[in-house]
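Novice: For reference, the structure I am asking about is given below.
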């Protein structure tokens, strides 16, 4: 996988340690990509394919990073059970049965669904489709 994006944005507040340096990045902060790493100013934060990148950042090359981020957060929240009585399996079944969603699944995990790099940087239209599919707001 070759990184194709040069600008990212914080889709939610990001508090973590980046290479031993504590960072606190507000929602909506623009970030830059250099050599496969996301940077906040001169501070490298993580690789574009890391769990940290997936948890906090999304590409903004098209200027739609904040919209993309809201959709990602809504989708991820809708697929997590809210409590012990929330059966989210019917929502997951819609994901499993949808041909568009299949391109966003990591194929090396046959027993469970893990979203891939392309999902976290997907076109807004694809994310809207997924959100509508599962009833995310």
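Every number in this text was worked out from the coordinates using simple rules, so none of it is lab data. Bear in mind the structure is a predicted one, so any value in this text is a computation, not a measurement. Note: ideal-geometry Cβ built from the backbone for every residue, glycine included; neighbour counts use all protein chains shown.
Novice: How would segment 92-137 be classified by its alpha-carbon gyration tensor: rounded, prolate or oblate, with rounded meaning a/c under 1.5 and the a/b versus b/c comparison settling the rest?
Specialist: Oblate shape, in that a/c is at least 1.5 and b/c is the bigger or equal ratio.
Novice: Can you sort 67, 84 so the residue with the fewest Cβ neighbours within 10 Å comes first?
Specialist: Working: 67 16, 84 6.
Ranking 67, 84 by Cβ neighbours within 10 Å, fewest first, gives 84, 67.
Novice: Highest mean first, what order results for 94-106, 17-29, 54-66, 116-128 on Cβ atoms within 10 Å?
Specialist: Numbers: 94-106: 14.0, 17-29: 12.2, 54-66: 19.6, 116-128: 18.0.
Output ranking for 94-106, 17-29, 54-66, 116-128: 54-66, 116-128, 94-106, 17-29.
Novice: At 222 nm, what value in deg cm²/dmol follows for the chain if DSSP H runs of at least 4 each add -39500 (n - 2.57) and the sum is divided by all its residues, to the nearest 500?
Specialist: -9500 deg cm²/dmol
Novice: Let me ask you something else. If you average the C-alpha positions of segment 119-133 and of segment 1-77 separately, how far apart do those two centres end up, in angstrom?
Specialist: A separation of 17 Å, based on Cα centres.
Novice: Multiplying the sequence separation of residue 125 and residue 47 by 0.36 nm and subtracting their Cα-Cα distance, what value in nm do you get?
Specialist: 25.5 nm
Novice: Still on this structure, please answer the following. Hey, what did the chain get for relative contact order, percent, Cα under 8 Å, at least 6 apart? Walk me through the numbers before you get to the answer.
Specialist: On the way: 192 pairs, mean separation 29.0, N = 137.
In percent, rounded to a whole number, it is 21.
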